[in-house]
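What follows is a single structure, written as C-alpha cells, with notes after it.
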Amino acid sequence: MSYPGVPRDKLPWFPTINPDVCLMDLDCVNFCSQGVFEWDPETRRPFVAHPYSCVPGCDSCAQMCRAGAISFPDKEEFRRILHRLRKEARRAASPPGAG
C-alpha cells in the first residue's frame, strides 16, 4: 500500500507481541516476508525488530499466530489517523494561496 505524502514513520501500524502468550515457535519470524520480526537468542523470544517495515493494514501474522500473541492497533482508529495525515499531506503539497 502506498500513502503519497505520508511518511511511513508517521503511520502507527505495526505489531506487538504478548510475551506471556507467545509460544516461541518462530512462526511469525518465518512467516513475515517484510522482515518485521527477528529472534532474540538471549531471551529466546521473537521481537518486533523493524516495525516500520510492516505493511500498513496487513495483520496476516496475527491471524496465523496459533497462540494469538500478536496484536495490532485498532483498524478504525488507524483509518481516522490515515485520513487526517492524508489531508495534512495534501494541504502541505498545495501551492500557496490554493486553499
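Here are a few things to note about the model shown:
- Linear extension gain, Phe31 paired with Met64, 0.36 nm per residue minus alpha-carbon span: 11.0 nm
- Here segment 59-99 and segment 1-54 have alpha carbon centers that stand 17 Å from each other.
- Length available on full extension from His83 to Val21: 0.36 nm per residue minus the Cα-Cα distance, which gives 19.0 nm.
- Converting phi to 3J(HN,Hα) with the Karplus coefficients 6.51, -1.76 and 1.60 and the offset θ = phi - 60°, segment 29-35 yields 4, 6, 7, 6, 6, 8, x Hz in sequence order, with x at every glycine or proline.
- Each peptide in 10-23, 76-89 was scored by the mean count of other Cβ atoms within 10 Å over its residues; highest first, the order is 10-23, 76-89.
- The convex hull around the C-alpha trace of segment 1-59, projected and averaged over every direction, spans 4.4 square nanometres.
FYI, it's all coordinate maths here, none of it is from the lab. The structure presented is a predicted model; accordingly, all values stated were derived computationally and were not measured. Here Cβ is always computed from backbone atoms with ideal geometry, including for glycine, and neighbour counts include all displayed protein chains.
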